[in-house]
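Read-outs: derived from the displayed coordinates by stated rules, not from any lab. Only a predicted model underlies this, so the values are computations on that prediction, with no experimental measurement involved. Cβ placement follows ideal geometry from the backbone for every residue including glycine, while neighbour counts extend to all protein chains displayed.
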Amino acid sequence: MNILRLCLTGALLLAAAAGAAETRRTLLVELRQVPEDMRASSGVEAGPGHYSYDSYDRDRILSVVRDVVLMLATPEELAQARAEGLDARVLMESDDQVTLIRRALYGPTLKLAPVYHSYDQITARAQALAQAHPKLITRVQIGETTQFRRPIYAYRLSNDAHRAQERPAVLLDGCHHSDEVLGAEIVLAFMEKLLAGYGQDAAVTAWMDTLEIWLVPVINVDGHDMVTSGREPRWRKNLRDVNGDGVVGVYPEGVDVNRGYDFNWAQGGTGEPSKVSYRGQHPFSEAENRAMRHLAGLRQFLLSVSYHSQGEVIFYPWTWAGKPAPDDDIIRRIAGDVAANIPKMEGKGAYAISPGGASSQSYPWFYGRHGTIDLIIETGKGAHLFPPEEVPGIVAANLLGVSALLGHTNGPGLAVKVTDAATGAPLVAQVWLPQIENETVDRRTTDAEFGRRWRLLEPGTHYVIISCPGYRTVALPAVAVGKTGWTGLNVKLEADGAVR
Ligand SMILES: [Zn+2]
C-alpha cells in the first residue's frame, strides 16, 4: 500500500469536503419575522446574523421570501439564530441534502406545486390554444437540447400568425437558467393573455394587429425538466455530460446557457466546468444557444426580454470599460420605463435598472450582433422557486412590464426599407448611423424577407448611410425623424455599373 498516495487522497477528500460545505448541515430551519436589516444585501457576505439570498449561497440560505428565511443549518447555527432572537423552527432533519432542499423549495409534499408548469404541460397548453385560435399562433421548432435532443419551441403570434409580417418584432424568452422557472410562467401567461384578449382587449388587439410577437417559454428544456420533475430543484445549467461518463444530472455538470453566446465570450462566466457559470468549450458549443441563434436568423427583433430570477432588477446593454452602449439614451429610457411599471413583491416601489457587462450573455449578444435591445429581467426577490402563493403576483407584475415594453414598439425611429431600384426586390443592406454606431457593435442590416430595419432613434436629424455589395452606396446626411411614430425611409439602390 502506498502511504503517500493514501495521504494525498485523504487530503484531497478533505479539501473537497471543505470546498463543498465547511460543515455538514442536516437541519432545514425556517426563520420567521427576520428583521430587514438582517436580510438586506448591500454587499455583506452571508454569515451569522445575516440572511441575504443575494450572494447565491448554495450551501446555507435556500430562500429569503419577505421576512421568512429557509436555511440549511447545523445545530450550532440553529442555536446562533435563536441567540440572535429569531423565531427558528426545524422543518426537517436529514443527512440527504437534496431531500432537505426539496422540502424547502417544494413544500411538505416534496413535489412542485401545480401553479408551475412542466415543459410538456406548456407545450400541450400551447397546442390547445392553437386549436382554439388557429389564425393567431403558430409553432416553430428552433432547435433541440444538447443532452436529450428534446425540441425547443418558439411561438409566433399576430393577427395572421401563419405568415411573416412586415412589422416590428418582439421576443420574450424564459429559462436560460432552469432553476429560474418564473420566466416560463410569465411567457406562458402572456401567451394566454394575447390569445384570450384578441378582439376583446384594445391594447392586446392593437399589439396583435401591428406587431409580430415571438415567445420561447423555455430555452433550457432539459434543465427545466430536472426542476419541474423534482429530481433537482436547483438545477441551473443545461444537462451536458461534461466529463463524458454517461451519467447526467449530477451536480456540478452542465453548461451555463447564458454564457454561451459569441459576444466577448471569453470574458463571460468561467472556463472551469464545476462552476455554476461554466461557459462551455467554445461559443455556441451548446445546442440551446444555437437554437436562439437560429431564431435570431429567422427574424430581426426590435426589442426582447430574457426572463431570469431574482432581484427585482433589469440588466440592460451595457457598460463596457466604463463606456455605455451607443444607443444608451434610448435603451435606458425603455429599461427605466419597463422597470418603473413592475411593482416589487413587498409593495414598496418598483424594479431597478442596472447596466450589465458586455460579455457572452443574451443581452450584449442580441444588442451587439443584431441591434435588438434585449433586457434581462430578474423577477421576484429572494428565491428562484417561490412559494406557490407568490407566483400569480410576480407574473401579474411582470405582465405590466410587458405592456410598458410594447409601448416602445411605435418609435420614434426610422422604418427603413431598402429595395433594388430596377426590380423592387428587397435587399439585405447595411443601415449605418456613423454618428451613433461605433466599433463596439456590428453593422445593422435590413432583413432578407422585406428589406426592412426598424431603428429606434431620438427625434431630430440623423446621418444615415445605406450600403449593399453590388450597389451604389447612398449617404443621407440629414434624415429627419419625427417626435412620434415611425418615420418611413424608402431607399432604392442602383446597381453599381462598375462591377457589371
Ligand atoms: Zn439567470
Could you give the semi-axes, largest first, of the ellipsoid that matches the range 293-356, computed as the square roots of 5 times the alpha carbon gyration tensor eigenvalues and rounded to whole Å?
23, 17, 11
Proportion of all alpha-carbon pairs of the range 119-406 beyond 26 Å (%)
40 percent
For the range 420-472, what does the relative contact order come out to in percent, with C-alpha contacts under 8 Å and a separation of six or more?
44 percent
Let me know the volume per residue of the alpha-carbon convex hull for the range 377-500, in Å³.
159 Å³
What per residue convex hull volume, in Å³, do the alpha-carbon atoms of the chain yield?
181 Å³
Nonlocal amide H pairs with Asp87, under 5 Å, H built at 1.01 Å
Arg32
Debye, to nearest 20: dipole size of the chain, +1 on Lys, Arg Cβ, -1 on Asp, Glu Cβ
1060 debye
Karplus-derived 3J(HN,Hα) from phi for the range 432-440 (6.51 cos²θ - 1.76 cosθ + 1.60, θ = phi - 60°), whole Hz, x at Gly and Pro, runs 10, 10, x, 7, 10, 8, 8, 6, 6
Under the definition of Cα pairs under 8 Å and six or more residues apart, what whole-number percent is the relative contact order of the chain?
12 percent
Hey, what number do you get for the chain at 222 nm if only DSSP H runs of n ≥ 4 count, each worth -39500 (n - 2.57), divided across all residues, to the nearest 500?
-8500 deg cm²/dmol
Beyond 31 Å (Cα-Cα) in this structure, taken from Lys135/Lys492; Lys135/Lys237; Lys275/Lys381, we find Lys135/Lys492; Lys135/Lys237
³J(HN,Hα) across the range 157-174 via Karplus (A = 6.51, B = -1.76, C = 1.60, θ = phi - 60°), whole Hz, x for Gly/Pro?
10, 6, 6, 8, 6, 7, 10, 5, 9, 7, 9, x, 10, 10, 10, 10, 9, x
Calculate the dipole size of the range 413-499 relative to its Cα centre from +1 charges on Lys and Arg beta carbons and -1 charges on Asp and Glu beta carbons; express the result in debye to the nearest 20.
240 debye
Could you run the Karplus curve 6.51 cos²θ - 1.76 cosθ + 1.60 with θ = phi - 60° over the range 178-186 and give me ³J(HN,Hα) per residue in whole Hz, x for Gly and Pro?
6, 6, 9, 6, 4, x, 4, 5, 5
What share of the DSSP beta bridges in the chain is antiparallel, in percent to the nearest 5?
60 percent
